[in-house]
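Derivation of every value follows stated rules applied to the coordinates shown; laboratory data play no part. In this text, all values refer to a predicted model and were calculated from it rather than measured experimentally. In this analysis, Cβ positions are derived from the backbone assuming ideal geometry, glycine residues included, and neighbour counts consider all displayed protein chains.
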Amino acid sequence: MTTFICHTCRSKAVIRMRQHRLAFCKEHYLEWFTAQTERSIQKYGMFPRTARVLVAVSGGKDSLSLWDVLWRCGYETEGFYIHLGIHGLEDETDYSAQSAQYVRQFAQERNLKLHVVDVKKEYGKSIPELSRFSPKGKTKPCATCGLVKRHIMNQIALDLHNDVVVTGHNLDDEVAVLFGNTMNWQQEMLVRQSPVLAEYHGLARKAKPFCRFTEREVAAYALLRQIAYIYEECPFSRGSTTLYYKSILNQIEDSHPGSKLRFYSSFLKAREGGFFNSPEQDHPSQSFPAQLCPSCKQPTTRSGLCSFCSLITSQNPRKKIP
Ligand code: Q46
Ligand code: ZN
Ligand code: ZN
């Protein structure tokens, strides 16, 4: 078996990244990973050093590694976790309770502030219960889940006056979304896909500092830092189109290293060059209307209540939306 040597110190490497033609020992990988995170934050103008950063954590490796790097770099961070009320499909494992436990442990060990929103306690029903009645959520609650998570994430960021919300989306996530949007030529989605979205009419600023790391690179960081995280994916992600796209993209990457990063970087260059914008749009968020929901005051494409408030009030007629 070939042994690779660290690019920096020439000792035995623990990871090799073919797409970068780089290999590192533990110490220099952690150093490289941290420097690359900072580089992405600056390259895409995500947030300044002084920003109050809210980290959306799920208990998985990506979001906990992100919180760890930002904390080590000295950013002012706090985390938030949304308890979705999801159980295993066959074995009744309490997936949400387990992931919440990893998040709590992580925050406690580092003495970091964590906010938890329990969907069932707050809105009367868990995600699977809320989606049971929606036409899209009959077999999978992902559409409802996405809607609820986006709403809560935005609300918390605005209530806590954070400057930016960061998520642990990695290159594999971004490329799978890009692949799907390109396959279906969803121009509106392509305009909005970006490592950073500016604050806009009641929408909090959002950023993805890990957007240039592959899933493997983030997993290596979590492993080398000994971050305890939930290994299982959400049971509802099984058989999803996203996972299918990821497996195809992994095959391409295996035979042509660097394909994922090239696809993503070239897309961002084309987007910045105005390839997907209509001439009157000079900001991706402008494809989103500035109409505000009369109840929660968040932006919506509908007249009257936004999709989130409609969902909650239709199932809990007397429930006041916080
Ligand atoms: S958590 Fe929610 Fe995902 Fe689970 S129910 Fe679907 S959307 S798969 S990222
Ligand atoms: Zn080294
Ligand atoms: Zn609303």
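Before moving on, here are some points about what is shown:
- A Cβ-based charge dipole, computed about the Cα centre of segment 209-255 with Lys and Arg at +1 and Asp and Glu at -1, lands at about 100 debye.
- Positive-end extreme of charge dipole, the chain - chosen from F213, L223, L311 (charges on Cβ): L311
- Charge dipole of the chain (Cα centre as origin; +1 on each Lys and Arg Cβ, -1 on each Asp and Glu Cβ, all else neutral): 200 debye, rounded to the nearest 20.
- Max mean-square fluctuation residue, GNM over the chain, Cα-Cα springs under 10 Å, options N184, N250, N154: N184
- Three-way shape label, segment 90-249, alpha-carbon gyration tensor, a/c 1.5: rounded
- Positive-end ranking of V103, G79, L22 along the dipole of segment 1-106, with charges on Cβ about the Cα centre, is headed by L22.
- Annotation: extensible slack from Q42 through A143 equals 33.1 nm (criterion: 0.36 nm per residue apart, minus Cα-Cα distance).
- Additional length obtainable on full extension of the chain from E31 to K121, 0.36 nm per residue less Cα span: 28.3 nm
- Comparing S266, S255, S58 in a Gaussian network model of the chain (Cα springs below 10 Å), the most mobile by mean-square fluctuation is S255.
- 0 to 90° range, to nearest 10: angle between helix 215-224 axis and the chain longest Cα axis: 70
- Of the residues S96, S240, S126, S65, the one with the fewest other Cβ atoms within 10 Å heads the list, and the complete ranking is S240, S126, S96, S65.
- Cα-projected label distance for K297 with S266, points at 7 Å along beta-carbon direction, nm: 4.5
- Only one residue of C142, S247, H201 has its Cα farthest out toward the positive end of the dipole of segment 136-267, where Lys and Arg carry +1 and Asp and Glu -1 on Cβ, and that residue is C142.
- The chain: relative contact order in percent, alpha carbon pairs under 8 Å with at least 6 residues between: 18
- Rounded, prolate or oblate (a/c below 1.5 giving rounded, otherwise prolate when a/b exceeds b/c) for segment 34-148 by Cα gyration tensor: prolate
- Normalised size of the chain, defined as Cα radius of gyration per 2.2 N^0.38 Å with N residues, equals 1.02.
- For segment 160-218 and segment 16-48, distance of Cα centres in Å: 18
- Sequence of R21, R212 once ranked by neighbouring C-beta atoms within 10 Å, starting from the fewest: R21, R212
- Length added when fully stretched, C73-R21, from 0.36 nm per residue minus Cα-Cα: 16.1 nm
- Highest-MSF residue in the chain out of A222, A176, A35 [GNM, Cα springs under 10 Å]: A35
- Paramagnetic reach from R132 in segment 216-242 [backbone N under 14 Å; point 7 Å along Cα→Cβ]: none
- A Förster distance of 30 Å, applied to the separation of the beta-carbon atoms of S314 and Q108, puts the FRET efficiency at 0.20.
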